[in-house]
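The values are calculated or read from the model by the stated rules, or taken from the named source; none is laboratory data. Please read these numbers as outputs of a predicted model, since none were measured by experiment. Cβ sites come from the backbone with ideal geometry, for glycine too, and all protein chains shown count toward neighbours. Keep in mind that these areas ignore ligands, DNA and RNA; they rest on the heavy atoms of the full protein, side chains included. Shrake-Rupley method; radii C 1.70, N 1.55, O 1.52, S 1.80 Å.
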Amino acid sequence: MGDTGAGRYRDLDRPGLDAVALVTALQRGDGLWRAVEVVDEIGSTNAALAARAADGEAEGLVLVAEHQVAGRGRLDRTWTSPPRAGVTVSVLLRPDVPAARRGWLSMLTGVALAESLADTARTSLKWPNDLLAPDGRKLAGILAEVADGGVVVGSG
């Protein structure tokens, strides 16, 4: 996402995310998402949650940012998101499945993202970690990383 030239991001002055609405929508009763944190800017949502996992953070923490300045993609590629150009989300999971099966989390996340947009756009998945628009443009990337007994799954 290095190109921030004129025209690529047309609505960067939109209002910020409504943190209260996000928390209300995601934290329901005994659901998995036990805590939701929304920040304006962060280095990397995945790195922040990996550090919290190392400190013993429980499963179900969701971290949302509108501006990521030190994100990483697959194969340690640099990935940034300009302010308000999109939403970057990472979740901390501690799945009760063998480590060998955790590789499916990226693809399952992609399927969930595609299904969540089904009424809006016909998307497709490009293995192993991209959600694509009908015209082939990348809508989101997905990165799952092992983190101290858990897995951090991020998308943006």
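Computed over the chain, the per-residue total of -39500 (n - 2.57) for DSSP H runs of n ≥ 4 gives a 222 nm mean residue ellipticity of -6000 deg cm²/dmol, rounded to 500.
Label positions at SER116 and ARG28, each projected 7 Å from the Cα along the C-beta direction, are separated by 1.3 nm. In segment 104-156, the inverse of the mean reciprocal separation of distinct Cα atoms equals 11.3 Å; this is its Kirkwood hydrodynamic radius.
Ranking SER124, SER44 from most to least accessible surface, computed with a 1.4 Å probe over the protein chains only, gives SER124, SER44.
Would you calculate the convex hull of the Cα atoms in segment 78-138 and tell me its volume per residue in Å³? Before the final figure, lay out each step's value.
Numbers: hull volume 7.7 nm³, N = 61.
Looking at segment 78-138, the number lands at 126 Å³ per residue.
Site pair ASP55 and SER124 shows an inter-label distance of 4.3 nm when each label is modelled 7 Å from Cα along Cα→Cβ. Loop-located trypsin sites (Lys or Arg not before Pro) in segment 48-97 (DSSP state other than H, G, I, E, B) with a sparse environment of at most 10 neighbouring Cβ atoms within 10 Å: ARG77.
In order along segment 67-78, the phi-based Karplus estimate (6.51 cos²θ - 1.76 cosθ + 1.60, θ = phi - 60°) of 3J(HN,Hα) comes to 9, 10, 9, 9, x, 10, x, 4, 6, 6, 5, 6 Hz; Gly and Pro are listed as x.
Over segment 29-156, the pair-distance histogram of Cα-Cα distances with 5 Å bins from zero comes to 2, 11, 20, 23, 22, 14, 5, 1, 0 percent, rounded to whole numbers. For segment 93-156, applying the loop criterion from DSSP together with a ceiling of 13 other beta carbons within 10 Å to the trypsin sites (Lys or Arg not before Pro) yields ARG122, ARG137.
Once C-alpha pairs closer than 8 Å and six or more residues apart are averaged by separation and normalised to the residue number of segment 58-151, the relative contact order reads 24 percent.
Tell me, what is the per residue accessible area of the chain in Å², probe radius 1.4 Å?
Working: 9250 Å² over 156 residues.
Ligands and nucleic acids excluded, the result is 59 Å² per residue.
Keeping the other protein chains in place, figure out the carbon and sulfur percent of the accessible area of segment 1-137, with a 1.4 Å probe. Answer for segment 1-137 is 54 percent, counting heavy atoms of protein chains only.
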